[in-house]
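Novice: Provided herewith is a single structure, encoded as structure tokens, for subsequent inquiry.
Each reported figure results from applying straightforward, stated rules to the coordinates on display, with no laboratory input. Worth saying up front: this structure is predicted, and the values here are computed from it rather than measured. Neighbour counts run over all protein chains shown; Cβ positions are idealised from the backbone, glycine included.
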Amino acid sequence: MAFNKPDEGLKRVVGARALAMSMLNVTIGAGIFALPAVVGIQLGAFSIFSYLFCGVMLAAIMLCYAEIGSRLTTSGGSYAYVESVLGPLAGFIVNWLYFFGWGVLGSAALMNIIADSLSVLYPAFSNAWIRALLYALILGLLVVVNVRGAKQGIFFVQFVTIIKVLPLVGIILFGFSHIKAENLQWEHLPSFKTFADTALVLFFAFAGFETALGVSGELKNPKRTVPLGLLLGGIVIIVIYILLQTVTQGVLGVTIVNFKAAPLAAVANEIIGPVGATILLITAAISCFGSVSGDVLATPRILFAGAKDGLFPKFLASVHAKYATPHLAVISYASLIFILSVCGGFKQLAILASSAILLIYLAVIVSTMVLRSRKEEVTEKTFKMPGGWIIPMMGISAIIWLLTSLTKWELLSTIIFIALICIGYFVMKKWPARATR
């Protein structure tokens, strides 16, 4: 079976370093500026080991992405992998879970965090009209950048990534001298339930790396770029998270409970004084902006891939005559983010977004296992994770474990959403003309 589609019309311009930095950008978002307090309050000094545990779980999932991504090289990332192996219905479900359940709502929430962060420094950004203007300017800029080409979009993402990571690196480098040894000691181990609940929060802090693979149809030598880019990005993310937690816990200790909203700003205040909090506040806004820019770069490629397969309106499969980019998909996606950013009310769907990304990971791991079990001849050298079925089973076990942490109402909401997606799929198949309109 031929999985790859070399005639998509997109240019392969994205290398391993660019993929790793894009992954770093979309994963290290606004959550890291509050996460150390959330984890530290629950686990104390033991929180450092929870990062290691979640890093192992994430590594298992990443290795599955690396293997299937080195063999299936069309645009669409998770959607392309699942659709190619498990069929159009599974692909349709994943596309909607990713596009709406994770992508649109997540970016819209980040846009509001940008405005909220700026409103602390400039109260005018509390005004609804000024916020809407800010959203329009930011998303308009991202549309222009990404319509002009993936190469320009990737360059912009790398630039923003460097800006937002530098202050975090500064906290790590200068914060170690302020660490107090007694703050990194614990008297007893946390309960299993406490550890499980915290791991659920931590896992979602790592989630989002797969968004960078939305440009899989524009990767140079994907059989090498995908595994190498994931490896580089994953290692950097895990190291940064562990070091930030170590410094935050070591500097603040038990007083971390007083800085739930901005623990890193509190650490910066300890290091360089009040100006540090301001710097970190601005960095949080930049971090959100960087995450949205990475999403606007990658997720429209999922719409593009789905439209080419008839799962979305055909106009989304259009390629710009001059820039060779899916321009209408980019414009449409940014428009949806703008609408939801202005409307607000995302808290009710946050639980759905969390369960959605877990189900997407589960579908990709299953697709990897099915693809490996098939006997199709592979003519080119591709990446194959070591250990046989051990790593995929580790990933599946971790996902099922995390899903059991959801309440029955959260699970019911997810099931209803998937049922509606399935109904929509069969309606589109029965009335294709109406679906196209």
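Novice: Run through every distinct alpha carbon pair of the stretch 64-128 and return the Kirkwood hydrodynamic radius in angstroms, one decimal place.
Specialist: Radius from the Kirkwood sum: 14.1 Å.
Novice: If you don't mind, another one. Rank these for me by crowding, Ser177, Ser413, Ser355, going from fewest to most other beta carbons within 10 Å. Walk me through the numbers on the way to the answer.
Specialist: Working: Ser177 9, Ser413 17, Ser355 22.
Sorted ascending by nearby Cβ count, the order is Ser177, Ser413, Ser355.
Novice: In addition: How would you rank 334-341, 269-276, highest first, on the average number of other Cβ atoms within 10 Å across their residues?
Specialist: Numbers: 334-341: 20.1, 269-276: 14.2.
Answer by packing, highest mean first, reads 334-341, 269-276.
Novice: In a shell of Cβ-Cβ distance under 15 Å around Phe33, excluding Phe33 itself, what net charge do Lys and Arg (+1) and Asp and Glu (-1) give?
Specialist: +1
Novice: Quick one: order Met21, Met428, Met57 by neighbouring beta-carbon count within 10 Å, fewest to most. Provide the component values of the computation, followed by the final result.
Specialist: Numbers: Met21 25, Met428 16, Met57 21.
With the fewest neighbours first, Met21, Met428, Met57 line up as Met428, Met57, Met21.
Novice: Oh, and also: Compute the distance in nm between two label points, each set 7 Å from the Cα along the Cα-to-Cβ direction, one at Trp389 and one at Gln42.
Specialist: 3.2 nm
Novice: Need one number: nm distance between label points at Ala419 and Trp129, each 7 Å from Cα along Cα→Cβ, rounded to one decimal.
Specialist: 4.5 nm
Novice: Sticking with this one: How would you rank Glu67, Glu182, going from fewest to most other Cβ atoms within 10 Å of each one's own Cβ?
Specialist: In increasing order of surrounding Cβ atoms, one gets Glu182, Glu67.
Novice: Continuing with this model, one more query. Using 1/(1 + (r/R0)^6) with R0 = 35 angstrom and r between the beta carbons of Thr255 and Tyr122, what's the FRET efficiency to the nearest 0.05?
Specialist: 0.75
Novice: Quick one: if you stick a label point 7 Å off each Cα along the C-beta vector at Phe176 and Trp401, how many nm between them?
Specialist: For Phe176 paired with Trp401, the spin-label model returns 3.0 nm.
Novice: Stretch Tyr323-Gln185 to full length: gain in nm at 0.36 nm per residue minus the Cα-Cα span? Write down the numbers at each step before the final one.
Specialist: Details: separation 138, 0.36 × 138 = 49.68 nm, distance 5.59 nm.
Extra length from Tyr323 to Gln185 when fully extended: 44.1 nm.
Novice: Cut-off 11 Å, label point 7 angstrom out along Cα-to-Cβ of Phe49: give me the residues of the stretch 174-206 whose amide nitrogen falls inside.
Specialist: Under cut-off, by backbone N: 186-191.
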